[in-house]
Structure formats: C-alpha cells, structure tokens
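Remarks on the structure that follows.
Where a number appears in this text, it was derived from the coordinates with a stated rule and is not lab data. These figures come from a predicted structure and were not determined experimentally. Note that each Cβ is placed from the backbone with ideal geometry, even for glycine, and that neighbours are counted across all protein chains shown.
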Amino acid sequence: MNKETISVFDIFKIGVGPSSSHTLGPWRAALRFVDTIRQHGIDKVASVKVLLYGSLAKTGKGHGTDVAVILGLNGEDPVTFDVNQITPRIQSIGENRKLVLGLEKQISFNPETDVVFLMDESLPFHPNAVTFLCSFTDGAEIAETFYSIGGGFVVKEGEDGSGANTVELPFPIDKADDLLHWCRKTGLSISEVVMENEHAWRSEEDTKRGVLRIWETMRDCIYRGCHITGELPGGLHVTRRAAALNKRLLNGKTYNNHAEWVEAIRSGGQHFQYTLDWVSCFALAVNEENASFSRVVTAPTNGAAGVVPAVLQYYIAFCDGFDDEKIIQFLLTASEIGSIFKKGATLSAAMGGCQAEIGVSSAMAAAALTECLGGNARQCMMAAEIAMEHHLGLTCDPVGGLVQVPCIERNTMGAIKAITASQLALQSNPDNARVSLDHVVKTMWNTALDMNHKYKETAEGGLALHIPISLPEC
C-alpha cells in the first residue's frame with residue numbers, strides 16, 4: 001500500500017477530456033519534461049521525440065494521448081487552455097511541423113513521426129508509460145519516462161509515487177479503518193476530518209474557495225452538456241443525448257442560468273421516473289462533454305467524471321442541497337473515499353479495469369450523499385462498500401479506443417447505483433454489515449490482479465472486440 005498524503009485537489013483535478021490517464025496524465029508529464037529541458041537550456045534544443053507504450057499506445061489515438069503530449073510540450077496548461085483552440089492548434093502544428101517548446105522556443109516537430117505508438121511494447125511498472133527524448137545542439141541528450149497511473153496522477157521513473165509535497169497530517173489515513181478511528185475519536189464527520197487534514201496544505205478559506213471552484217467547473221460542464229447537440233468526435237457516430245433529454249423533461253420551461261434551470265427542474269416534481277431521467281441526463285451531459293475534449297474534473301478520473309457531479313446535482317435539485325457548505329461537505333467526503341481506493345487499490349482502468357473508475361466514483365458519490373443526507377461515518381462507508389461491491393470485476397473495453405461506448409452510459413449506471421447504495425445504507429444498521437469498505441478495496445485490487453489484460457483499457461477484448469467498426473486506432 002502506498003504511503004501517500006492525498007489532498008482533495010489531487011482527487012479532483014480540473015483538466016481536459018477525454019481521459020485522465022491517457023490525456024491529462026501524459027499532458028502533465030510533458031509539462032514536467034519541459035521543466036527538465038529548461039534546466040539543461042531550452043534555447044539549445046535540437047529535437048524532441050515521444051514514445052508511447054502499452055495502453056497509451058493501444059488506445060492513445062482514441063483517448064487523445066498524442067494531442068495531450070503535443071500541447072504539453074508546447075507549454076499549454078490543461079486547467080486554463082481554451083478547449084476551443086485544441087483542434088486548430090494541433091492542426092497548425094501538424095501542417096507547419098513546428099511547435100513552440102514550452103511557449104519559448106520554436107522547434108521542428110512532425111506529429112506523424114515524432115510521436116511513436118509502440119503497440120507491442122510495455123514497460124513493467126505500469127501499462128500507461130511514456131518516454132520523452134530530447135537532443136541538444138551541442139550533442140547532449142536526455143530522456144525521461146513517466147507513468148500515468150490513473151486519475152491524472154503521474155510518476156516519473158525512479159520516484160516512489162508519494163509525491164514531492166508530502167506533509168504531516170493531523171489525521172493520517174491509509175485505509176477506511178483509519179478514517180473510522182479518527183471519526184470515532186474526535187466526533188468529527190468524514191468531511192470535517194478531511195477539512196482538518198487540508199489545513200496542512202492551506203487555510204480553510206482557501207480550501208473552501210478551491211472546492212467551490214471544482215464544483216463550478218462540474219456545474220458548468222453539466223449545464224453546457226445539457227445544451228449542446230450533435231455528434232461526438234472520433235468516428236463512432238455517437239449522437240449526444242443529454243440536450244434532447246433535457247429539453248423533453250423540461251417541456252417548454254424557460255430559464256437563463258444554472259440557478260433558474262435548477263428551479264425549472266424542481267418544478268417538475270419528484271416522482272421516480274422523472275428523477276431517474278434527470279440523474280441520467282446529468283451524467284450523460286458530463287461525459288458527452290468529456291468525449292468532446294471539453295473541460296471536466298477528474299472524479300476521480302475523466303472516464304468516470306460524470307458520476308460524482310450527477311449525484312451532487314441530484315442532491316442539489318431534489319434534496320435541497322443548493323448550499324455552498326453542503327456542496328463542500330459532499331466533495332470533501334467523496335475525495336476521501338477516492339483517496340482510500342487509490343492507496344489500497346488503483347484508480348487506473350489500465351491496471352484494474354472499469355471497476356477502478358466507475359466503481360470508485362460510485363463509491364465516492366454514495367458516501368458523500370449519505371453524509372449530506374445525515375448518515376454517520378459508518379453508514380457512509382457502508383454506502384461506499386455497497387456501491388463498489390456491485391461494480392467488482394467491471395471491465396474496461398472502450399470501442400475504438402474512444403471514451404464513448406460503453407463509457408458514457410456507464411456513468412449513468414454508476415450514479416444510479418450510488419444513490420441506491422446511499423439509500424440502502426441510510427436504512428440499514430452498519431452493525432449487521434458482513435463486508436467492510438476495507439474488505440471491498442482489497443477485493444477490488446485482487447480482482448484487478450486476476451483480470452485478463454485485454455479487459456484493461458486496451459480495446460482488445462469485450463465490446464471493443466465484438467462491435468463491428470473499422471477505426472484505425474483499434
């Protein structure tokens with residue numbers, strides 16, 4: 001088990017779709033390599049080359065890995081870069097065969113030959129590996145290998161993965177039993193324990209401001225996705241559904257912003273089918289945006305980015321959760337559950353299949369909703385356990401290497417399971433539970449180790465193998 005100190009802002013990262021491990025991670029790795037180049041003299045660079053291994057090679061085209069590393073080498077920030085400029089920027093680099101390394105020096109760069117997809121080669125540490133090579137005009141050469149280990153986390157070869165910003169936390173947590181211990185000892189809720197730990201990095205005011213920025217990005221993604229029609233990029237000809245569903249459910253109601261939209265949703269009542277449709281709509285909206293290289297938040301990954309926002313939006317629209325403090329409480333609780341899964345198992349579909357993405361996100365959302373609805377710490381962990389228990393063994397088999405089929409619909413399933421798990425936990429006595437959250441984390445990891453590699457984000461098994469398509473990235 002990794003001994004890590006993980007912040008809420010490590011679990012929730014603002015970035016660009018469609019994949020945290022195949023897009024955001026390699027993008028961040030490229031930025032780190034540019035920093036290394038600067039130490040050797042960026043003005044003396046002659047050439048740069050990128051080698052993609054394993055899962056990054058096999059599904060890299062569909063996941064936009066080549067786009068990510070190019071933009072990273074160009075020095076663009078995935079948090080702030082205008083997503084509307086991605087396509088024109090990449091087209092310009094391809095046509096001119098030039099990029100501005102670190103936004104400082106123009107070098108020759110041909111995406112067709114300088115980004116190499118090594119389909120039949122993998123490195124032992126992790127399936128998501130990328131090596132950057134740089135040659136200088138004085139004949140010197142440097143190389144660095146990075147592993148994108150899920151959820152946008154990146155480890156350079158030779159690092160231990162604990163990160164450079166390790167701090168001393170007042171309530172150290174490696175597993176669910178640790179979290180339960182601190183909640184019992186202090187009388188604090190899960191979100192309150194998390195907030196106390198966040199003080200090791202920054203003030204409470206800064207944490208709250210940052211968490212609300214995370215929510216604002218999620219909120220804008222949901223709202224945007226509910227109002228854009230058309231076909232998703234990539235060649236599968238998948239039609240967006242969230243906007244049409246939003247329009248049909250509102251049945252002519254008018255609004256001008258998110259707050260008015262929520263009121264319009266609420267005015268439709270709370271009967272089961274109506275609520276169920278909205279939860280699906282929220283999740284579809286986020287992951288249709290994710291598939292379109294739009295701005296999303298890892299929760300804990302991009303492929304599962306719709307579950308937590310959908311359940312939070314459900315809480316806001318149907319459970320009177322439209323309050324900044326409740327939103328902060330929700331996201332803090334969710335982040336700690338994601339952290340426990342990262343430490344005890346994995347957030348990487350290339351390591352654990354989709355149980356590591358949709359399963360973890362469903363567990364995060366279930367625990368968060370449970371606390372916000374008045375559940376105690378044990379009920380929150382019970383909800384997380386129930387949600388993951390019913391995602392165990394879920395494979396990752398993206399058709400065409402794209403984060404579309406079955407990924408988008410899986411977010412709706414994860415959100416609905418999270419709400420169901422929360423309701424079950426709230427109506428149950430944890431004393432009678434036979435499976436603990438730590439048990440299910442361990443089971444998930446053992447399942448990941450046993451899972452055939454072709455079901456781990458390779459597009460070589462499952463639906464990816466049996467759906468008749470003719471995309472080159474398959």
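Here are the numbers for the structure shown:
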| quantity | calculated |
| --- | --- |
| Rough spin-label spacing in nm, given labels placed 7 Å along Cα→Cβ, for T420 and R184 | 3.1 nm |
| Local electrostatic count at E289 - Lys and Arg +1, Asp and Glu -1, tallied over other residues with Cβ under 13 Å | +3 |
| Dipole magnitude of the chain about its Cα centre (Cβ charges: Lys, Arg +1; Asp, Glu -1), debye to nearest 20 | 780 debye |
| Size of charge dipole - the range 151-212 - debye, nearest 20, with Cβ of Lys, Arg +1 and Asp, Glu -1, no other charges | 200 debye |
| Selection from I149, L99, P111 lying farthest towards where the dipole of the range 20-156 points positive, charges on Cβ | I149 |
| Residue exposure sequence - M444, M381, M451 - by fewest surrounding Cβ within 10 Å | M451, M444, M381 |
| Placed amide H near F293: partners under 5 Å, 5+ positions off or other chain | G17 |
| Pairs beyond 28 Å (Cα-Cα), from K61/K417; K61/K175; K326/K456; K417/K454; K417/K456 | K61/K417; K61/K175; K326/K456 |
| The range 134-270: relative contact order in percent, alpha carbon pairs under 8 Å with at least 6 residues between | 10 percent |
| Candidate lysines - alpha carbon under 22 Å from K44, same-chain residues fewer than 8 apart omitted | K98, K105 |
| Extreme residue, positive dipole direction of the chain, given options A283, H390, F132 (C-beta unit charges) | A283 |
| Kirkwood Rh (inverse of mean 1/r, distinct Cα pairs), the range 1-151, angstrom | 15.6 Å |
| Angle between the chain longest axis and helix 272-291 axis [Cα atoms, degrees, rounded to 10] | 10 degrees |
| Listed residues V441, G252, N429: farthest to the positive end of the dipole of the chain (Cβ charges) | G252 |
| Note, ³J(HN,Hα) from phi for the range 305-317, Karplus 6.51, -1.76, 1.60, rounded to Hz, x at Gly and Pro | 5, x, 5, 4, x, 5, 6, 5, 5, 4, 4, 5, 7 |
| Cα-derived Rg to Rh of the chain, Kirkwood definition | 0.97 |
| Overall form of the range 106-262 per C-alpha gyration tensor (a/c, 1.5; a/b vs b/c) | oblate |
| Cα pair distances exceeding 12 angstrom across the range 80-130, given as percent | 73 percent |
| Sequence-separation-based contact order of the range 20-156, relative, with Cα cut under 8 Å and 6+ spacing, percent | 40 percent |
| Spin-label model distance (nm) - D450 vs H466, 7 Å beyond Cα toward Cβ | 2.1 nm |
| Inter-probe distance in nm under a simple model that places probes 7 Å from Cα toward Cβ, at W201 and T137 | 4.1 nm |
| Residues R248, R97, R89 arranged by fewest to most Cβ contacts within 10 Å | R248, R97, R89 |
| Value of relative contact order over the chain, rounded to a whole percent, pairs C-alpha under 8 Å and six or more apart | 19 percent |
